[in-house]
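Presented below is the structure to which this report refers.
The values are calculated or read from the model by the stated rules, or taken from the named source; none is laboratory data. Note that the structure is a prediction, hence the values are computed from the model and not measured. So basically every Cβ, Gly included, is an ideal-geometry build from the backbone, and we count neighbours across all protein chains shown.
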Amino acid sequence: MIVPGSLSENAVIDTAEQALPVYRPTSHVRPRRPIELAWRTFFHISVQKFVRRRERFPLVTMLEPLEACNLDCAGCGRIREYLPVLTKTLTLEQCLRAVGDSGAPIVSIAGGEPTMYKHLPELIEELVSRKIFIYCCTNGILLERVLKRIQPSKYLAWVIHLDGMETRHDLAVNRKGVWRKAMAASKLAIEKGHRVCSNTTLFRGSDAEDLHQLFTLVTDMGFEGVMVSAGYDFVDGPVQEMFLTREEAIRVFRQVLTDDALKRIRFYNNPLYLSFLRGERDYQCTAWSNPTYTVQGWREPCYPVADRHTDDVDDLFRSALWENYGVGVNSKCANCMMHCGFESASVYQAFSSVGAAASLLNGIVGKRAGIGTS
Ligand code: SF4
Ligand code: SF4
């Protein structure tokens, strides 16, 4: 386990004798997200909204079985916020109870680094048997090892953290050799028949050309899609200057999400959220849709901010709580554009407007589709 701040700049994963793998498309058939995910999500929202008449309900359970990590990224709030409890992990039963209590059809397993969680194979097997869609977010370092114990499934996608091409990514994660390791593991996962996506967080200094190169490469390799999000300005982050204000984020996203890039690259985020990132649409946050369970309980109110933890997931859906959060309401929300708050908002909004629904549907059946995770 890495204690934040303990990594030297020279920390290296030894890749000296490894030749750079050849990253080429392994198939002419481009992978697509399962259509079942789209209709199950549509069904879930319809039932919650129109049958159960719930104003707030979960869409994605964010499950963090542990907060420890084998990296020390400068932009990471988690390993610093949970420093006193980095040795704690959830039991398998606690994980499954949290998923059951939330009731969302999608689970994003994050942390910390979930491949360090010893019950990960059993957890994934059980969730797959319940037909819950899983996005397992990983830095890729231990992925090859974990793949020996986990079978491919249409319900499971690996989400590989990649913040740029080799030089920029290794700098972002503060460790040389990580990019190669993550890319080699991604290639292996695709060859074994796993669904694989990438997730890129944009910070001050993110380079549009470098990111286009990365997105083109992973698209050609057979990644199912590319997710992007703005970094959240965690107060515990050691390098505060790296976080973008909203105005800056929109400027950077306009350079990254160009019309040409949107045509060529299969972005996994839905088109309404991408349009929001380009500053063309405005939404208020609906982060209650992504309840986040950790070793200290449910984060209240949301994935990036925990003003307290609670044992009762229903606490996160109270109207009184949401009077205190959101852009223009709380200073902690001022620069937030994270998909946990705003991608879901774009989806919910699509359920109340024909134009937005058509845009979303176009994304779901088209090249860049659907409902991403956080
Ligand atoms: S890999 Fe993820 S969890 Fe680990 S330090 Fe980096 S951002 Fe944090
Ligand atoms: S705007 Fe961001 S920080 Fe504020 S409640 Fe929503 S997700 Fe959380």
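Things worth noting here:
- Enumeration of residues in segment 279-298 that are part of a loop (DSSP other than H, G, I, E, B), polar (S, T, N, Q) and within 17 Å of A350 (Cα to Cα): Q284, T286
- Any chance A38 is modelled with pLDDT of 95 or more, assigned to a helix (DSSP H, G or I) and surrounded by 15 or more Cβ atoms within 10 Å (Cβ to Cβ): no
- Top-ranked residue in segment 217-234 [being charged (D, E, K, R) and either within 20 Å of the chain's Cα centre (by Cα) or assigned to a strand (DSSP E or B) (or both); ranked as modelled with the lowest pLDDT]: D233
- Criterion (within 14 Å of ligand 1 (Cβ to nearest atom) and closer than 24 Å to T115 by Cβ) met by exactly one of S198, S186: S198
- Against the test of being in contact with a Lys or Arg (Cβ under 8 Å, 6 or more places away or on another chain) and loosely packed, with under 14 Cβ neighbours inside 10 Å, the options A320, A334 yield a single qualifying residue, A334.
- Which listed residue is over 22 Å from P105 (Cβ atoms) and either modelled with pLDDT of 95 or more or within 16 Å of ligand 1 (Cβ to nearest atom) (or both), from V256, V252, V327, V313: V256
- Pick from segment 88-112, criterion surrounded by 20 or more Cβ atoms within 10 Å (Cβ to Cβ) and part of a helix (DSSP H, G or I), ranking: farthest from ligand 2 (Cβ to nearest atom): C95
- Restricting segment 155-182 to residues that are under 21 Å from I109 (Cβ atoms) and either among the aliphatic types (A, V, I, L, M) or touching an Asp or Glu at 6+ places or on another chain (Cβ under 7 Å) (or both), the residue that is surrounded by the most Cβ atoms within 10 Å (Cβ to Cβ): L162
- Residue in segment 277-289 that is touching a strand residue (DSSP E or B) at 6+ places or on another chain (Cβ under 9 Å), in contact (Cβ under 8 Å) with a residue 12 or more places away in the chain and of a type in the set (F, W, Y) present: yes
- Within segment 60-78, restricting attention to residues that are part of a loop (DSSP other than H, G, I, E, B) and at pLDDT below 95, the residue that is nearest to ligand 2 (Cβ to nearest atom) is G77.
- The criterion of at least 2 residues that are under 30 Å from D101 (Cα atoms) and at pLDDT 95 or above is met by the following helices (runs of 4 or more DSSP H) wholly inside segment 121-216: 143-147.
- Qualifying residue in segment 79-87 (condition: outside any loop (DSSP other than H, G, I, E, B) and touching a Lys or Arg at 6+ places or on another chain (Cβ under 9 Å)): no
- Note on segment 134-147: among residues that are of a type in the set (A, V, I, L, M, F, W, C) and closer than 20 Å to V228 by Cβ, the one that is nearest to ligand 2 (Cβ to nearest atom) is C137.
- Selected residue (criterion: nearest to E247 (Cα to Cα)) from residues of segment 323-336 that are touching a helix residue (DSSP H, G or I) at 6+ places or on another chain (Cβ under 9 Å) and either more than 8 Å from ligand 2 (Cβ to nearest atom) or without any contact (Cβ under 8 Å) to a residue 40 or more places away in the chain (or both): N335
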